[in-house]
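Taken together, the values in this text are just the output of simple stated rules run on the coordinates, not laboratory data. In this text, all values refer to a predicted model and were calculated from it rather than measured experimentally. FYI the Cβ positions are ideal-geometry reconstructions off the backbone, even for glycines, and counts take in every protein chain you see.
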Amino acid sequence: MKKYLIAAALVAAAAAAHADAVQTLRAFVRDVKSGRAEFTQTVTSPDGARKKTSSGRFEFLRPDRFRFGYEKPFQQTIVADGQKVWIYDPDLNQVSSRKLAQALGATPAALLAGGSLDGDFTLSDAGSQGGLDWAQATPRTKDGAFRSMKVGFRGSELAAVEIVDGFGQRSRLDFTRFEAGVALPAERFRFTVPAGADVLEQ
């Protein structure tokens, strides 16, 4: 669950020059229909003492389709096909699935999928830090899986997303080679259950 919430990540990218981070985020949600990038994800425990790092690639195609491929240190694939979110763990040969609406709700991934930005989130400018301009999105509902999300831009380019979950754990995705508006085949967002895999419906 947490990883595709993080997939959250995708939510943010580029738009008009000279726009502040909130305006850039709004323009992205409104105008950018597809994209892909490479990412490095760092998850930090609430006390800051423990960190885990992973990396991979993501792609999205609105409405309601995205693909996260975690490659290191372990492989995992997360696909939203417009109806369901599928998570495949090849080491366990196990697949779990959940209806898209139930899986997303007011989450960062809902923005990626084409959700309601101002309806589901309170937006504010979070200033500049580390060479990035940040927009903060706080969910209007207080019983969700995460507390807040910040989206960082370098100029008009998506650079990072930070998410704090309900337990205070912090996840940061740093992006490279982000491409907006690319042509992506629909087949990239179809998931076929591998032969012999256990399937868990949630």
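One table, with the values for the structure above:
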quantity	calculated
Per residue Cα convex hull volume in Å³ - calculated over the stretch 42-187	136 Å³
Residues in the stretch 161-192 that a label on residue 94 would reach, taking backbone N under 20 Å of a point 7 Å out along Cα→Cβ	192
Of 52/99; 51/99; 33/84; 33/142; 72/142, pairs whose Cα-Cα distance is over 26 Å	52/99; 51/99; 33/142; 72/142
Euclidean distance of C-alpha centroids, the stretch 136-200 and the stretch 20-84, integer Å	3 Å
Sorted peptide list for 191-200, 125-134, 59-68, criterion being average Cβ within 10 angstrom, highest first	59-68, 125-134, 191-200
Inter-site label distance for residue 38 and residue 176 at 7 Å from Cα along Cβ, in nm	0.4 nm
